[in-house]
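Taking it in order: structure first as structure tokens, then the write-up.
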Amino acid sequence: MSTVPYVAEKQVAIAAVRRACTLTASVFNKLVKNETLTKDDKSPVTVGDFSAQAVVNTILGHAFPDDRIVGEEDAADMRAESGVELRNRIVELANETLTGPLQPGEENIWGLGSGKAQTAEQIMDVIDRGNYDGGRTGRFWTLDPIDGTKGFLRGEQYAVCLALINNARVELGVIGCPNLPVSASAPTGERGCIFVAVRGEGAYQIPLSPSSTVEPIRLQIPDLSQDQLNLLESVEKAHAKLSFNEKVAQVLGITREPTRMDSQAKYCALARGDGGVYLRMPTGAGYREKIWDHAPGSVLVEEAGGVITDSRGQPLDFGLGRTLGENFGFVAAGKKVHSRVLEAVKKAKEDEATGSA
Ligand SMILES: Nc1ncnc2c1ncn2[C@@H]1O[C@H](COP(=O)(O)O)[C@@H](O)[C@H]1OP(=O)(O)O
Ligand SMILES: [Mg+2]
Ligand SMILES: [Mg+2]
Ligand SMILES: [Mg+2]
């Protein structure tokens, strides 16, 4: 008799992402000026990022005490003498979310709905449980508490992203998108969805609200016709070489405008057929992509029948540590389109090298 893998992990991951999404959505409406910091790499981080990491790590810690976590944030700024205000706000937000009443689907998750608040020290320690370095062997989670912080700050797309990796293979991915329309055909309609994939078990879209009775939707990347095809790409010019995307689109004969969207919501859009190709090329500034920025998206795309590789067609390696190593960019698409895109990238690179474009 075969058993369905990762049932408990999936339930816990969905509950954790749901709670974190409730937190980030409410923080957005209340954010004030000094609640956003600039990190050493010049990227922004908000009280929402820290407290969402505290919430997810706490839930994972209760459910799977031996599991390690590779999380984007750490508590160093909160521990600094100047960080008192920041710390108090994050502790308040995290406790508010963790002590909220038990939701459907959380019945077996110990520690939730207990009403028991954590101390500041405990919150900082639990955020720092995300300091694991990753690697080739063993089991660990990756967490990006707010992916696309710039999109979050603009009130646009962002995502809470969680994945489980075992021996360098992504086994489970859960992506919460509080601002993503439930259906691309109703862009001004209801917003908020979660995307879930377990290796070998398919990719699904489920409602963000735990009390919704809407059934999961199985996702399969459709075979898009040439005139339906377009590129999914970053909003931020510093994150991806958008001028190169334009050349690739030309080579492919794509006529539709690209869809620009922050965060791993791009992988979710691809998985449900809202756009045919996610192309992310390095800007040349030496940025190394992080495993938490692609782990859940990669399993989602693969389980929706698609393919994800670097721009040379090589598989992504999640066993190298916190980063994906040397950055050759990413190509994700349905099977047939993917090989065409790799050819087009090659051609655009050659044209660039010979100056013929
Ligand atoms: N210089 C950079 N180049 C590429 N990606 C970056 C850079 N700085 C931050 N990022 C990360 O890129 C992702 C956003 O990409 P996109 O613009 O396509 O949404 C985020 O994970 C963001 O981190 P963060 O999680 O802090 O927002
Ligand atoms: Mg960040
Ligand atoms: Mg990110
Ligand atoms: Mg982030």
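The values are calculated or read from the model by the stated rules, or taken from the named source; none is laboratory data. If you're wondering where the values come from, they're calculated on a predicted model, not measured in any experiment. Neighbour counts run over all protein chains shown; Cβ positions are idealised from the backbone, glycine included. Keep in mind that these areas ignore ligands, DNA and RNA; they rest on the heavy atoms of the full protein, side chains included. Shrake-Rupley method; radii C 1.70, N 1.55, O 1.52, S 1.80 Å.
Observations on the model:
- Protein accessible area in the range 226-354, 1.4 Å probe - carbon and sulfur %: 50
- Highest average packing first - 157-168, 199-210, 342-353, 75-86, Cβ atoms within 10 Å: 157-168, 199-210, 342-353, 75-86
- Span-like helix criteria (full DSSP H runs; alpha carbon extent of at least 18 Å along the helix axis; mean Kyte-Doolittle hydropathy of at least -1.0) are satisfied in the chain by 7-30, 47-63, 84-98.
- Ligands, DNA and RNA are left out, and with a 1.4 angstrom probe the accessible area of the chain is 44 Å² per residue.
- Three-way shape label, the range 7-218, alpha-carbon gyration tensor, a/c 1.5: rounded
- Phi angles of the range 311-319 translate, via the Karplus equation with coefficients 6.51, -1.76, 1.60 and θ = phi - 60°, into HN-Hα couplings of 6, 9, x, 7, x, 6, 10, 8, x Hz per residue; Gly and Pro are given as x.
- Overall form of the range 181-325: oblate. Here a/c, set by the Cα gyration tensor axes a ≥ b ≥ c, is 1.5 or more, and a/b is not larger than b/c.
- The range 214-228 - phi-based ³J(HN,Hα) in whole Hz, Karplus 6.51/-1.76/1.60, Gly and Pro as x: 5, 6, x, 9, 6, 9, 9, 5, x, 7, 7, 6, 3, 6, 8
- Protection proxy ranking, highest mean first, for peptides 10-18, 24-32, 142-150: 142-150, 10-18, 24-32, where packing is the per-residue count of other beta-carbon atoms within 10 Å, averaged.
- Other-chain or far-sequence residues with amide H under 5 Å of Arg191's (modelled H): Val182
- Charge dipole of the chain about the Cα centre (unit charges at C-beta), most positive-ward option of Gln122, Ile308, Gly297: Ile308
- Put simply, the amide H of Asn230, placed in the peptide plane, has neighbours under 5 Å in Gly276, Val277, leaving out anything fewer than 5 places away on its chain.
- Size of electric dipole in the range 7-218: Cβ of Lys, Arg +1 and of Asp, Glu -1, about Cα centre, debye, nearest 20: 420
- Lysine pairs in the range 7-218 with Cα atoms under 29 Å, if 8 or more residues apart or on separate chains: 10
- Here's the picture: charge each Lys and Arg Cβ at +1 and each Asp and Glu Cβ at -1 in the chain, and of Val235, Thr213, Leu172 the one pushed furthest to the positive end of that dipole is Val235.
- Dipole moment magnitude, nearest 20 debye, the chain about Cα centre, only Lys, Arg, Asp, Glu C-beta charged: 600
- Unit charges at the beta carbon, dipole of the chain: most positive-side option, Gly325, Thr58, Ile254: Ile254
- Amide proton proximity set for Gln157, modelled H, under 5 Å, gap of 5+: Asp262
- Here, the chain yields an orientationally averaged convex hull projection of 18.1 nm² when only Cα atoms define the hull.
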